[in-house]
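The values are calculated or read from the model by the stated rules, or taken from the named source; none is laboratory data. The shown structure was predicted, so the numbers you read here are calculated from the model rather than taken from an experiment. For neighbour counting, all protein chains shown are included, and Cβ atoms are generated from backbone atoms with ideal geometry for every residue, glycine included.
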Amino acid sequence: MAVVRALALGPKSTAQDHTIDITTIGARTGLPRRIEIWFHRVDGKWYLSGMPMPRSWNANLRANPRFTVHLKHGVHADLPATAHPVDDYQTRKHVLAEILKTQDRPATGGRAPRQYLSDWLARSPLVEIVFDDQELTAATARYDRP
């Protein structure tokens, strides 16, 4: 169950634990695009976000929500998923606040420049990852890290 462990992010997760690749389909080109990105787990759900600015990966996922998550630390796995953009203000505020806390944790480096929730709310993408394998999602809920 190495995949389950890799998805069960928690407060003690390292920067390496949060690092994945994703492959999206280009919004304009229709070509596969693979990038490295951090993913986060908040309240039992997985999310992608990024610094406050437009992101090509976000445009790609809004145009073509099907994508692949590539786990690459501790286990190598390609997991098909669907992106659900998070536009609800209260949900964005809660999830982005939790993501910003991650930057201050010693396990994730804690060296990022000070970020402001108001800036992230205004300009950061936020996408929920919904994995196709619901059994995997259920197994992860039973294995969450403390």
Odd one out for P54 among (1) buried (at least 17 other Cβ atoms within 10 Å of the Cβ); (2) over 14 Å from the mean Cα position of the chain (by Cα); (3) modelled with pLDDT under 95; (4) closer than 23 Å to A122 by Cβ: (1)
Tally, over the stretch 1-51, of residues that are surrounded by fewer than 18 Cβ atoms within 10 Å (Cβ to Cβ), touching a residue at least 12 places away in the same chain (Cβ under 8 Å) and among the polar types (S, T, N, Q): 4
Subset of the stretch 60-105 (residues that are assigned to a loop (DSSP other than H, G, I, E, B), in contact with a helix residue (DSSP H, G or I) (Cβ under 6 Å, 6 or more places away or on another chain) and either of a type in the set (G, A, S) or exposed (fewer than 13 other Cβ atoms within 10 Å of the Cβ) (or both)): G74
Test result for L48, over 21 Å from S124 (Cβ atoms), in a strand (DSSP E or B) and not charged (D, E, K, R): no
Q115 vs. criteria of a type in the set (S, T, N, Q) and modelled with pLDDT under 95: yes
